[in-house]
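In what follows, a single structure is set out as structure tokens and then discussed.
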Amino acid sequence: MTNVFMRYVLLNKPFEVLTQFTDEQGRATLKDFVAVPNVYPVGRLDFDSEGLLLLTDDKQLQHRLSDPRYKVPKTYWAQVEGRPTEAALQQLREGVQIKEGFTLPAEARQLPEQETTDLWPRNPPIRYRASIPTSWLEITISQGMNRQVRKMCAAVGLPCLRLVRQALGDLRLYDLQPGTWRELTDEEAQALRGLAGVGSRASQSYRRPVPASTPHGRPGPRHPRP
């Protein structure tokens, strides 16, 4: 059987970029960062959220990863106002009531400060209030309700100031900087397909002749660090 080459693009979506390729209002879109034809985003990442976004022309994988029935985990880092109590974290783990319904159990923990020191600064930065400390949470969900993580944090009294998607299954951003992208390796693509319950295939991920690039043509990182 002839190999069909698929494209799997991992983008670190910057703050205030739409998860689409056109916008009548002139806002920043994926077209400003990813010059790859015929790939489409897997799911959505809100305009005011940042981080991991997968684009592909693998329609079967795109459907499975976007469909909450397949419960593919997504991990977020949420910067919140206040200090989380163990009771608040336990509420997130058990599920909370939001407008769209009761959320499924999630994984939730407070991140030690040293784990977030390498995170890129947001532009523009969040608005800090001198009298209120902030904390970072790591939350993993397998649903896809509208603005779910933000609403979950608000439901336990921890308003979300910044939200960064860090992982899709075992696929992580590592040192990929905002606005840059890379191709997935064959191993990463196959692992995602397996996680989503997609059968084996004869296709292979596309191989660029040079490392994945930024929108300005500069070489970008290709392999995640170990």
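The values are calculated or read from the model by the stated rules, or taken from the named source; none is laboratory data. Only a predicted model underlies this, so the values are computations on that prediction, with no experimental measurement involved. Backbone-built Cβ (ideal geometry, glycine too); neighbour counts: all protein chains shown. Heads up: the accessible areas ignore ligands, DNA and RNA and are worked out on the full protein's heavy atoms, side chains in. Shrake-Rupley method; radii C 1.70, N 1.55, O 1.52, S 1.80 Å.
Side notes on the structure shown:
- Span from the the range 46-81 Cα centroid across to the the range 119-186 one, whole angstrom: 12
- Solvent-accessible area per residue for the chain (1.4 angstrom probe, square angstrom): 52
- Between 0 and 90°, nearest 10: helix 186-195 axis offset from the chain longest Cα axis: 60
- Rounded percent of accessible protein surface that carbon and sulfur make up, the chain, 1.4 Å probe: 51
- Among 104, 65, 52, the largest mean-square fluctuation in a Gaussian network model of the chain, built with springs joining Cα atoms closer than 10 Å, belongs to 104.
- Dimensionless Rg over Rh [the range 64-112; C-alpha; Kirkwood]: 1.00
- Rounded FRET efficiency, nearest 0.05, which uses the C-beta distance separating residue 31 from residue 102 and R0 of 30 Å: 0.20
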